[in-house]
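Here the structure is laid out as structure tokens; the discussion comes afterwards.
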Amino acid sequence: MELEVRHLRALCAIADTGSLHKAARTLGMSQPSLTTQLRRIENFLGAELFSRERTGCRPTPLGRSVLSRARPLVEQMGVLVAETRAAAARSSGGPHLRIGATASRVIGGWLRRLRTRLPETDTSLHVDVSAHTLLRLLAAGQLDVAFVHEVEGSTLRVPAGLEQRVLVEREPQFIAMSRDHPAAVRSVVELADLAGDRWMIDPTVDGEWDGLRRVFAAAGLDPPVLRGDYHTAASLIVMGEAVAPCQPTSGPRDDMAIRPLRGDPLAVRLLLVWRPGFTEAAAVYADLEAAYHDAAMRAPGYRQWLLRNESPLPAGSAVA
């Protein structure tokens, strides 16, 4: 075995996420495969690079030494690949727009507007649950712009040199529950009403579990927690087996109730981040702003919340 860039990239991902599970998701591989790869790397080097703990993986002193040398190599390779791809795109004669985003109901309307504004541009989309992963891709030149969310209380690590603009300073997170849930009859739900429910969270979403845990602690609650992706969560919610945080722009469903929490204890900040010199930043932001406005107006619960709280939308448009 010889160490390759992919091995170094795997080591950096484990260190950055602090978890084999999260690192595997970031790298697009299974956790068993990554665990096997790490074991082979450690066997090749003859030493343990990470200590496995209940809360995750932490670099050993030797691991930190290896990472200090691996990161510049991985970053340089990323720059090389990005510059080569950019040169290839220029030589192909057509403009390209590479967008990254965490999951959002706004993306569809945003892309439609961008294609109307930039009909000759080849627009690509990379969606990832991890905002930090998208920001790393942006810093490495593999994306032009990223629409990400920052969970309140869990500050995003935005790489130096990137530019950003806030779309929504504080977007409340609503709760999804079954239509038959006792609290679904209310227009605003008390957190205590959900204390006995199982809460579903995706541990790969940066900051989400930490944010929810802080809210539980502040309310003196300790409900059971399930961990999984939100496709699984939706089926559990409909069956009444779980509740989960959700975006306020989530559309109405016949089999699910979307309700705000009293006092809005859960919230995120929405950001658009781009590389210096990205000339379309203002236009891309304007289209994102308009798409968000439309998504908010199509979500009855969020529309009512905006009216009740007299909160302006990003574009400053009045809620009629």
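Over the chain, dividing the summed -39,500 (n - 2.57) contributions of all DSSP H runs of at least 4 residues by the number of residues returns a 222 nm mean residue ellipticity of -13500 deg cm²/dmol.
Summarise the long-distance tail of P(r) for the range 3-53 by giving the % of C-alpha pairs beyond 13 Å. Of the Cα pairs, 52 percent sit more than 13 Å apart. Given PRO223, VAL188, HIS96, which one lies farthest toward the positive end of the charge dipole of the chain, if we put +1 on the Cβ of every Lys and Arg and -1 on the Cβ of every Asp and Glu? The listed residue farthest towards the positive side: HIS96. For ALA47, nonlocal amide neighbours, meaning residues 5 or more places apart or on other chains whose placed amide H falls under 5 Å from its own, do not occur. Computed from backbone phi with θ = phi - 60° and the Karplus coefficients 6.51, -1.76 and 1.60, the 3J(HN,Hα) list for the range 183-196 is 7, 5, 6, 9, 7, 10, 9, 7, 4, 5, 5, 10, 5, x Hz; x is used for glycine and proline.
Normalised per residue, the accessible area of the chain is 50 Å², obtained with a 1.4 Å probe and no contribution from ligands, DNA or RNA. Sequentially through the range 46-61, phi angles give Karplus couplings (6.51, -1.76, 1.60; θ = phi - 60°) of x, 7, 7, 9, 9, 9, 8, 10, 4, 8, x, 10, 10, x, 6, x Hz, Gly and Pro residues having no value and appearing as x. Normalised by the number of residues in the chain, the average gap of Cα pairs under 8 Å and 6 or more apart makes the relative contact order 19 percent. For the range 163-267, the list of GluC sites (Glu not before Pro) that fall in a loop by DSSP and count at most 15 other C-beta atoms within 10 angstrom reads GLU190, GLU241. Its Cα centre serving as origin, the range 155-230 has a Cβ charge dipole (Lys and Arg +1, Asp and Glu -1) of approximately 60 debye. Restricting the calculation to Cα atoms, every distinct pair contributes to the Kirkwood radius of the range 144-241, found to be 15.5 Å. What fraction, in whole percent, of alpha-carbon pairs in the chain exceed 35 Å separation? Here the tail beyond 35 Å accounts for 29 percent of pairs. When the chain is treated as a GNM with alpha-carbon contacts under 10 Å, the residue of ALA217, ALA70, ALA192 showing the greatest mean-square fluctuation is ALA217.
Residues with beta-carbon under 14 Å from that of GLY18, excluding GLY18: net charge, scoring Lys, Arg +1 and Asp, Glu -1? Summing Lys/Arg as +1 and Asp/Glu as -1 gives +3. Quotient of the Cα radius of gyration of the range 90-201 and 2.2 N^0.38 Å, N being its number of residues: 1.41. Taking every DSSP bridge with both residues inside the chain, close to 65 percent are antiparallel. Average projection, convex hull of the Cα set of the range 193-320: 9.6 square nanometres. Residues whose amide H lies under 5 Å from that of LEU226, counting only those 5 or more places away or on a different chain, are TRP199, MET200, ILE201; hydrogens are built 1.01 Å from N in the peptide plane.
Residues whose amide H comes within less than 5 Å of that of THR123, counting only those at least five positions distant or on another chain, are LEU97 (H built at 1.01 Å from N in the peptide plane).
The values are calculated or read from the model by the stated rules, or taken from the named source; none is laboratory data. All values reported here derive from a predicted model rather than from experimental measurement. Because the Cβ atoms are built from the backbone with ideal geometry, glycine has one as well, and the counts that use them run over all protein chains shown. Just the protein is used for accessible areas: all its heavy atoms, side chains included, with ligands, DNA and RNA removed. Shrake-Rupley method; radii C 1.70, N 1.55, O 1.52, S 1.80 Å.
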